[in-house]
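Comments concern the structure below.
The values are calculated or read from the model by the stated rules, or taken from the named source; none is laboratory data. This structure is a prediction, so every number in the text was calculated from the model and none was measured. Every residue, glycine among them, receives a Cβ derived from its backbone with ideal geometry; neighbour counts consider all protein chains shown. Protein only, heavy atoms only, side chains kept; ligands, DNA and RNA dropped before computing areas. Shrake-Rupley method; radii C 1.70, N 1.55, O 1.52, S 1.80 Å.
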Amino acid sequence: AFAVSVVSEGAEDETELPVLQKSEKSRTISKIGRELKGIVFVIQSQSNSFHSKRAEDLKRDILKQAVDLGKELPTVLLIHQINRHEGAWTILPLMTDFSVTYGRNTSWIFFCEEDTRVQVIKLLETLRRFDKSKEWFLGKALYDEESTIIHHYAFAENPTVFKFPDFAAGWALSIPLVNKLAKKLKSEPLKSDFTIDLKHEIALYIWQKGEGPHLTPVPEFCTDDVNSYKADDCATTFSNFLPLCGEPVNKEDVFVAVKTCRKFHGDRIPVVKQTWEREAALIEYYSDYADISIPTIDLGIPNTDRGHCGKTFAILERFLNHTSPKTPWLVVVDDDTLISIFRLRKLLSCYDPNEPVFLGERYGYGLGTGGYSYITGGGGMVFSRTAVQKLLASKCRCYSMDAPDDMVLGMCFSGLGIPVTHSPLFHQARPMDYPKDYLSHQIPVSFHKHWNIDPVKVYFTWLAPNTEESRNGKKVGYNREDL
């Protein structure tokens, strides 16, 4: 379907090329074509209309580059279209399919995110350095500077020794390694119930307690912006910006619900009021005690020590029945969530509130054996009014008042066929719990928890509207290195 003519610089007609030069060029094109056919590109896409369009754009760009290089086209897969697996986004459940389908005639599976930009010719040059008959796990290496709860305090003695890939830069598995993983999955199904930080968990699974390969760092896999002076040496770059699709949504279009309880009125609520409350036009605090000074609203639901399912469903009912039907977005946060409503309004400009949107940081439960995905509550859960309407119209409810609200919501939406929408800009933990290099190419929307930090300082360093300037090399407020 694609005709490609190779014309040398300065030659007006292909027939003027010396025969030897033409044959060398055709051999080069043939070699590039074979190498391209040997790569399967897998884009970590999502079915939400905004995300699927971005993934399709990246697919088109990769295929256009391939057409410009020669006649052979690589395979480009979009994760959300591999819908036989609820847990396709966790990658490992797909290894058996990858092995069966591509295990004989392919050299590499290359994974990237929808905002990763790929220089195909540079990627081919980079992969040539590695013997494709060996087991390779390639990527841009991240590591923990200190052991963290997100990774279950793994490698506590020296967390820097274990490297895992930054998905934004792209990462690759050689087919021999894919085949080995597929074989292992057949004999030993995935054991872990929870998927919390996929990049770390995949690296752990591949490493196999030292029996499998470590991640091999590849300097050409980059997260520098495409316009950076460093990008010339990169096979991949990353779009380093906060998505904005037109004007940010109006302040009055976002209703914020803060979950709290009497014992935290004195220490957590003042932090909200000192930091991000001023960004919210519509905000209510829901507690087990009506405190006029805040003010809080008592929903008539007793406080529970663990999951707050009863309280969250009461908030959803209240949003639907007691707020303006013209308010399209609901954000539910904990009283120790730090969030930028300013940035969230920009982000929400990219989503259609007429779609059932359930947005935040995605976790998984039991995805190796069915299971479901959910938005983890601490980083903030964002609902379109349409999603809340569909949820409450269903019969899906809490199985107990203290069930984990975020997991029950994930189970309910999964049963309704409504996928959760993941954004890496929401964070269930504190800035210090993530590798600095990982956060360096983000403009975060939220962090969570006040443990051993000054939350006001964290907010003004990472999330306050004026910290946007720090993206342009200007130092604003506090130094992130201190946190």
Dipole of the chain, positive direction: furthest Cα of LEU463, VAL226, ALA182, with charges on the beta-carbon: ALA182
With a ≥ b ≥ c taken as the square roots of the eigenvalues of the C-alpha gyration tensor of the stretch 261-348, please select rounded if a/c is under 1.5 and otherwise prolate if a/b is larger than b/c or oblate if it is not? oblate
The stretch 264-288 and the stretch 294-316 have their Cα centres apart by a whole-number Å value of 15
Go ahead and estimate [θ] at 222 nm for the chain from helices alone: -39,500 (n - 2.57) per DSSP H run with n ≥ 4, summed, over the residue count, rounded to 500. -8500 deg cm²/dmol
Which of LYS273/LYS326; LYS64/LYS132; LYS186/LYS449; LYS346/LYS449; LYS53/LYS326 have a Cα-Cα distance over 29 Å? LYS186/LYS449
Where does helix 405-415 land angle-wise versus the long Cα axis of the chain, in degrees 0 to 90, nearest 10? 60
A student applying the Cα gyration tensor rule (rounded when a/c is under 1.5; otherwise prolate if a/b is larger than b/c, oblate if not) would label the stretch 251-465 rounded
Output the peptides 45-57, 202-214 sorted from most to least packed, where packing is the average of other Cβ atoms within 10 Å over each peptide's residues. 45-57, 202-214
Report the relative contact order of the chain, percent, no decimals, based on alpha-carbon pairs under 8 angstrom and at least 6 residues apart. 13
Residue span ARG306 to ASP193: 0.36 nm per residue of separation minus Cα-Cα distance leaves a gain in nm of 38.8 nm
Prolate/oblate/rounded call for the stretch 337-440, Cα gyration tensor, a/c under 1.5 rounded: oblate
Starting from the Cα of ALA281, step 7 Å along the direction of its Cβ; do the same at VAL456; then give the gap between the two resulting points in nm. 2.8
Between 0 and 90 degrees, rounded to the nearest ten: what's the tilt of helix 49-69 against the longest Cα principal axis of the chain? 10
R0 = 45 Å: FRET efficiency of ARG128 with SER49, Cβ-based, nearest 0.05? 0.75
For PHE241 and ASP97 in one chain, what is 0.36 nm times their gap in residues minus the Cα-Cα distance, to one decimal in nm? 48.4 nm
What is the local net charge at THR216, summed over the other residues whose Cβ is closer than 11 Å to its Cβ (Lys, Arg +1; Asp, Glu -1)? +3
Mind checking the angle between helix 309-322 and the chain's longest principal axis? C-alpha axes, 0 to 90 degrees, to the nearest 10. 80
Roughly how many percent of the accessible protein surface of the chain is carbon and sulfur, given a 1.4 Å probe and a whole-percent answer? 50
Which net charge results when you count Lys and Arg as +1 and Asp and Glu as -1 among the other residues whose beta-carbon is under 14 Å from that of SER400? 0
